[in-house]
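Coordinate-derived values only; no laboratory data. Bear in mind that the values here come from a model prediction, so they are computed numbers and not experimental data. Glycine also receives a Cβ, built like all others from the backbone with ideal geometry; neighbour counts cover every protein chain displayed.
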Amino acid sequence: MSTTVISHGAADHDSHDHHHHHETFLTKYVFSQDHKMIAKQFLITGIIMAVFAMVLSILFRIQIAWPDAEFPILEVFLGKWAEGGRIKPEFFLSLVTIHGTMMVFFVLTAGLSGTFSNLLIPYQIGARDMASPLMNMLSYWFFFVACIIMIASFFIESGPASAGWTIYPPLSAVPTAIAGSGLGMTLWLASMVLFIASQVLGGTNYVSTILNMRTKGMDLWKMPLTIWAFFLTAIVGLLSFPVLVSAVVLLIFDRSAGTSFYLSDLVVGGQILPNEGGSPILFQHLFWFLGHPEVYIVVMPALGLTSEVISTNARKPIFGYHAMVYSLVGITVLSFIVWGHHMFVTGMSPFLGGVFMITTLIIAVPSAVKAFNYIATLWRGNIRFTPAMMFAIGMVSFFVSGGVTGIFLGNAALDINLHDTYFVVAHFHLVMGSASIFGMLCGVYHWYPKMFGRMMDERLGYLHFWMTFIGAYLVFFPMHFMGIDGVPRRYYSFTDFPFMEKWVSVNILITWAAIISALAQVAFLWNFFASIWLGKRAPQNPWNSNTLEWTTPVEHFHGNWPGEIPEVHRWPYDYSKPGHDEDFIPQHIPYSQTMSSNHLHDFEGDEEAIRIQKAWNKENDREDVTFH
Amino acid sequence: MKFTKYNKFKTIIGCLLLLNLVVALPASASLQDSVVSNVQMDETATPGDEAQVDSVTVATDDASGDTTASAVVSPDEQATTDGTTASVEADKQIDAQVYKDITYYLMYFLLICIIVAVIGKIQHIYTLSRRINGKYNPLANNNLQAALFLVFLVFFLVGTYYSYAVWGVWSWRAAVTEHGKDIDQMFIITLIITTFVMIVVHILLLVFAYLYRMRLNRKAYFYPHNDSIERLWTIVPAIVLTVLVLFGFFTWRKITNVPQELQDSALQVEVMGEQFMWTVRYPGADGVIGKRNYKLTSPTNAYGIDFTDKTAWDDVQGAEIVLPVNQPVRFHIISKDIIHSFYMPDFRVQINAVPGMTNYFQFTPTTTTRDMRDKLNDQSYDFVMLCAKICGSSHFNMQKKVVVVTEAEYKEWLAKQPKFFTEALQQEYAQAEKGEETLKTASLN
């Protein structure tokens, strides 16, 4: 594949050096244009939002587990929304709405791909920074303002948005239907528009950086899977987020300008509304045209990160590199034609539903290939269980356990009875929630030394892993059964239906598991923040990894490499290559230095190189190895 | 691990602090209890007498020492805020006990943190001593984590078995409709396949993690790809999924694509969702549901039925959904305000109620409520229809009882239900019609 290779020479870099001395606190830590700093900003903001959203989830879990109990402490913090120590039904809906929005968009989209795309794209492809550092900075600040606005909605009279994270109109469009659809919804929409702007700025940057700024020798098929994942994720985001803008803008018109894109034939609270001719289904199409690709935006970077971590720590090449890339490409393409499976029972044409069902179940194939390839990578490896590796294995586990239930929900006939029940909650919390957050945590533990130049405490990492891993299963696995029984999601309490009473005991189990695993996150938070200052100093390549970021010095400075950017000669997965004295060969090591381990296949048909290798082999009594 | 030099002090200070708390808290807490009740008594007795409350609180403050400072601050604050908001709100104030409880919980959590830190420290010292003795195994922890994955595998398998055996049984009731039986069958087949995949994948994943844990003198097997294996595990899932897709597709078409003559011959029932109730409309003797126009909604005609359409005159309002057994019924699902979802779990029926459009679901119930009760051995069991789409504050309690009865019972029940076209409405319409006629004649003149 022909590409433009931009080689930044040492001379070119010298001109950068002059800036460093003029850096102020403001330009270094706040309005930084350096990809490493922006990555850290994304990560820390993401972590704060994750804690916030997690606390929200604990609040509504408490309500579900003990619907009749009073917790006066809640009134201290929530005031009129928890009068008498009981969360009000409308506020309960606000909690689930904002929990979902924050987790999906702010934590798992911005916090995950924002952090690691920014950190790893320049590092792993061998670039001094992003294609447009300014856009990169703007991307972060749009995101930051979006977060502030979303949190601000908790401090207004009518409360935050409460129509579910999918904000289906008319509920989200008519403030008389629910209080949260007043100012709270306006803030939600404003926040989302800014967030999408952030994503588009970021995505453009990621794509152009990957396409244009790879170092010499880094052709597409030598890129680590992380980069492939970020690249495809950015493409998905660029193609789908603008559609959400259109959905949001039309909704803003419906709410504020009296249009009727989504509204028709409404009598709310005894009042006949003048809107005619719109369709709520239109919104759902527009929303899920983003919404479904969005779950792949969330999970693909996690898959990329775990591929890298599993290969590094199994000391073994990732099994089926090409298959892994093609399955990502397959997921990318298919992710755009499956959105209708969220709408099987909305009254969308049943025939269309059948078509969406076929495309949906096809997408399970590339996902299955990925899972099997992970397992094949572990087979006969030499596995080192760093905390990052633990989270990577946990991620594969969640991806499989949560993925298989997608086969039920993707099947239109089965979806009739499972739609909008706890089965769905269980499914997506495992496959995109837990799997992605584990991918993210795996990335944090693995690349922490690169980000902060310090090591995290390992034992706290293990404690964090086990409590979160077991906790997440205890929380989400039982929910499948409630869903099969027909308990709808977003129910404030289960006490009004005799058939749901048996689930109260299970709800208490779930809530306790949630509380305990939430507390376990304190181990992570302490570990993360304390290690910034107190952690052991990191060596340059703590995990004996092959990728380029570990060739940069531990100390950060603008431009990443002090001298010339290393040239890339091989793929990133030469782990445990027979004939080499170490169990890893970094990407920048030329084949001329590893004569004892080269395969003839490595030279990709370069006659001259093969001739030299054969001659060397003959001289040193080594057989010609080719892997096929 | 690098926390060492800081941690020493922290641990010591932490332990001292904790010891202090453990000794001091219960004593001061009991003291506090009595004072709090005193404060409340005072407030109820002489509302507005802030000085007294304050002084009592201050007294406790001195007595209990600074360890309970946070707990004590609360009544103090309460007292001062009370001063401004007057005595009316005195009984609405939050009990000081609340603040004390939360302090307790925080202390417990702190205690756990310190215990964890101490255990970590002990383990650290242990490894150090091993290292000094030259017995340190750098892979000891790696082996431990690998073993823990095996333990987790056991937990996972037992947990899966337990949840299927207990919660699975709780959740499973066979469908009571014709199409529901097809869905159930497909559900079971999918369940077997997916459970098999999940279990096998987990066994492989976690057993491999254990078997291939790092050893000092071993190198991993360099095995970058194997095209035939990859092809195999692309094609096998593809085939399995194709079978499931076809099976699902035809079942779905069968459910949703009902031939016209069967649509017409079925019993028609209209259900309208609104915040937060369902209204059920039976077509009456003519078998035709009358027209509805949302613009006609009024206090007397909450449903918005258009009574100029004479087929609407005999429409009957059902207090609950009652269906004759073994007879196809076609539901027309509409919404008055926002989106709701018409969901009957036992019937495997769900379709959204969307304003501005009518959705249909046709099915045939096969089991009467009475038979179901006998089958479940629960004489209070009822089928239920509930809302499954988020619709506002009372979303969680928007239900309608569903009763399946014999044909005769159904007819008997239907005859007792009131008509939508009440006498008041009839008069209203008669009036309106008269008015229209006079208008017409007037304009003719």
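For the reader, a short list of remarks on this structure follows.
- Between the Cα long axis of helix A:435-452 and the first principal axis of chain A there is an angle of about 50°, rounded to the nearest 10.
- Whole-Å distance, taken between Cα centres, linking segment A:455-476 and segment A:276-314: 25 Å
- Over segment B:141-256, Cα pairs under 8 Å with separation of 6+ residues give a relative contact order of 47 percent.
- Amide H partners (placed H, <5 Å) of B:V384, local residues excluded: B:D346, B:V402
- From phi via Karplus (6.51, -1.76, 1.60), per-residue ³J(HN,Hα) for segment B:322-330 in Hz, x at Gly/Pro: 10, 10, x, 6, 6, 10, x, 10, 10
- Taking amide H positions as modeled 1.01 Å from N, with prolines and chain starts lacking one, the residues under 5 Å from A:F584 and 5 or more places away or on another chain are A:S576.
- Rounded to the nearest 10 degrees, the angle from helix A:183-212 to the longest Cα principal axis of chain A is 20 degrees.
- Dimensions in Å of segment B:179-284 - Rg and Dmax from alpha carbons: 25.1, 85
- Anisotropy class assigned to segment B:267-430 is oblate, per the alpha carbon gyration tensor with a/c at or over the 1.5 cut-off and a/b no larger than b/c.
- Rounded to 5, percent antiparallel among DSSP beta bridges of the protein assembly as shown: 75 percent
- Range of Cα positions in the protein assembly as shown per principal axis (Å), largest first: 113, 83, 63
- Angle in degrees between helix A:458-476 and the longest Cα principal axis of chain A, rounded to the nearest 10: 40 degrees
- Cα shape, chain A, gyration tensor, a/c 1.5 rule: prolate
- With a Förster radius of 60 Å applied to the C-beta separation of B:C113 and B:Q426, the computed FRET efficiency comes to 0.20.
- Cross-link reach list, lysines versus A:K577, counting only Cα pairs under 19 Å and skipping chain neighbours closer than eight places: A:K222, A:K316, A:K614, B:K219
- For the protein assembly as shown, calculated [θ]222 nm from helices alone, where every DSSP H run of n ≥ 4 adds -39500 (n - 2.57): -19500 deg cm²/dmol
- Cα centroid of segment A:520-580 to Cα centroid of segment A:51-70, whole Å: 39 Å
- Per-residue HN-Hα couplings for segment A:48-54 [Karplus 6.51, -1.76, 1.60; θ = phi - 60°; Hz; x = Gly/Pro]: 4, 5, 5, 5, 4, 5, 5
- For A:F319, residues with placed amide H under 5 Å, excluding near neighbours: A:T377
- In Hz, Karplus ³J(HN,Hα) per residue of segment B:335-345 (6.51, -1.76, 1.60; θ = phi - 60°; x = Gly, Pro): 10, 8, 10, 10, 6, 10, 9, 7, 10, 10, x
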